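Asks: What follows is a structure written as structure tokens; I'll ask about it next.
The values are calculated or read from the model by the stated rules, or taken from the named source; none is laboratory data. As the structure is a computational prediction, the values presented were derived from the model and not from experiment. Because the Cβ atoms are built from the backbone with ideal geometry, glycine has one as well, and the counts that use them run over all protein chains shown.
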Amino acid sequence: MTPAAAEFITPLTLQALSGNPVHTDLLDHAAEAAMGHIELARWADAVIIAPATANFIARLSNGLADDLLSTLCLATAAPLLVAPAMNRQMWQNPATRENIVRLEARGVTLLGPASGAQACGEMGPGRLIDPEELVQAIVSAGRTNRLAGVSVLVSAGPTREFIDPVRYISNRSSGRMGYAMAKAAEEAGAAVTLVSGPVSLTPPARVSVIDITSSGQMHSEILDAAATCDIFISSAAVADYRTREAAPNKMKKKDSEPVLHLEKTPDILAEVAALPNAPFTVGFAAETENLHDNAKQKLKSKNLDMIAANRVGDGLGFDVEENALEVFWPGGTQSLGTAPKENLARQLMEIIVARYREKTAEQSHEPAETEVSD
Ligand code: C5P
């Protein structure tokens, strides 16, 4: 809340109604210790200023950083959405018009204003749009059509390799990165299928989900679907080994130490990448050491179009909200700094879209193979 907002409603009221902390001061030492303005700026998936006064719009268009909100707007990489609310004369004033043109040229999305009766008794443009419209506009502002007509297959979560009917070998994958990738692909307009291991997440809207448990099930579902998809994003933490045979009944506790015979699981990602009409394939690599070398080696050995590598261990990687990625593709690399997984997924999706477009453009310029008959 800006000081002007706090003149209308107290921070305590908004905190009590929303159940969320309210940030007001740039140099609030208690808040800075918990989450400073830079962390707040990084944390946000989108920054929405509602209502935005003529004064704040002027300050935003000039890049001022003299309070928490203006500083946060400068420090964030998230989309900025502004819902103006002011008197109609102020809205129509050339100074405001110029500020709005500048903001739109910078990619800021304008939500409204609506026209009608104003608090000052006048009629005209400058009313804050209704809350329902605001929510709708925020939802659709994140959507693009960059992958319209493209089908994307995403794998997510862990697999379970059964030892007996009640015991299994698995891993700490939460599925969050895969679910975030599915959501980002759907927001980009793609038709998305998500093949998911057992996780406790709600699937994104408008995504068709195939639930699996073991690596064997994931293998057959992915290979079925891969034949008709354009992009395959392999975020699942597929078990590398499974029990050769699961015991039909619960194994009894004995005095001797049991021995589990394990066999390698098929590398689903490498198999998809080796298909004759392989989709654009994106792998993930969780590494505890030599991140760059290991990721590049996997990119090559599995013949992928792209690999996103993250460091795991020391509280990073698995089962956490945030992540950071190093993305590699043949001939290029890009670092994506620490951010919530949903935010990171959107950034990674942008890179995938750009490379996918480049690859399909290259393929359409390649001369068609001519058949030689004797
Ligand atoms: O070789 P590594 O397991 O580190 O490679 C990780 C990538 O390979 C991930 O994208 C993962 O989804 C995929 N993978 C797979 N099948 C396996 C093991 C890993 O598709 N059996």
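Asks: Can you name the residue in the stretch 88-130 that is at pLDDT 95 or above and polar (S, T, N, Q) and is also farthest from residue 61 (Cα to Cα) among such residues?
Replies: 89
Asks: Does the stretch 312-329 contain at least one residue that is at negative phi and within 11 Å of the ligand (Cβ to nearest atom)? Break it down stepwise before answering.
Replies: Step one: of the stretch 312-329, the residues at negative phi are 312, 316, 318, 320-329.
This time we only want the ones that are within 11 Å of the ligand (Cβ to nearest atom), so: 312.
Looking for residues that are at negative phi and within 11 Å of the ligand (Cβ to nearest atom), one finds at least one in the stretch 312-329, hence yes.
Asks: Additional query: Taking residue 220 as the residue in question, decide whether it is surrounded by fewer than 19 Cβ atoms within 10 Å (Cβ to Cβ), modelled with pLDDT of 95 or more, within 22 Å of residue 276 (Cα to Cα) and among the hydroxyl-bearing types (Ser, Thr, Tyr). Steps first, please.
Replies: Numbers: surrounded by fewer than 19 Cβ atoms within 10 Å (Cβ to Cβ): yes; modelled with pLDDT of 95 or more: yes; within 22 Å of residue 276 (Cα to Cα): yes; among the hydroxyl-bearing types (Ser, Thr, Tyr): yes.
Taking the combined requirement at face value, the residue satisfies it.
Asks: Can you tell me which residue is nearest to residue 301 (Cα to Cα) among those in the stretch 230-245 that are modelled with pLDDT of 95 or more and more than 12 Å from the ligand (Cβ to nearest atom)?
Replies: Our first condition is that a residue be modelled with pLDDT of 95 or more; within the stretch 230-245, this holds for 230-244.
Right, trim to more than 12 Å from the ligand (Cβ to nearest atom) and you get 230-231, 243-244.
Values: 230: 21, 231: 19, 243: 26, 244: 26 Å.
Checked the stretch 230-245; the qualifying residue nearest to residue 301 (Cα to Cα) is 231.
Asks: Just to be sure, is residue 260 over 23 Å from residue 360 (Cβ atoms), more than 15 Å from the ligand (Cβ to nearest atom) and touching a Phe, Trp or Tyr at 6+ places or on another chain (Cβ under 7 Å)? First the steps, then the outcome.
Replies: On the way: over 23 Å from residue 360 (Cβ atoms): yes; more than 15 Å from the ligand (Cβ to nearest atom): yes; touching a Phe, Trp or Tyr at 6+ places or on another chain (Cβ under 7 Å): no.
It is false that residue 260 is over 23 Å from residue 360 (Cβ atoms), more than 15 Å from the ligand (Cβ to nearest atom) and touching a Phe, Trp or Tyr at 6+ places or on another chain (Cβ under 7 Å).
Asks: Restricting to the stretch 230-287, and then to whatever is in contact with a Pro (Cβ under 9 Å, 6 or more places away or on another chain) and part of a strand (DSSP E or B), can you tell me which residue is nearest to residue 170 (Cα to Cα)?
Replies: Top of the filtered list is 237.
Asks: Where in the stretch 84-193 are the strands (runs of 3 or more DSSP E), entirely inside, with at least 2 residues that are among the acidic types (Asp, Glu)? Walk me through it before giving the result.
Replies: Numbers: elements: 114-117, 123-127, 151-156, 161-164, 167-169.
Correct list: 161-164.
Asks: Take the stretch 202-220 and flag every residue that is in contact (Cβ under 8 Å) with a residue 12 or more places away in the chain, within 16 Å of the ligand (Cβ to nearest atom) and hydroxyl-bearing (Ser, Thr, Tyr).
Replies: Within the stretch 202-220, 213, 214, 215 meet the criteria.
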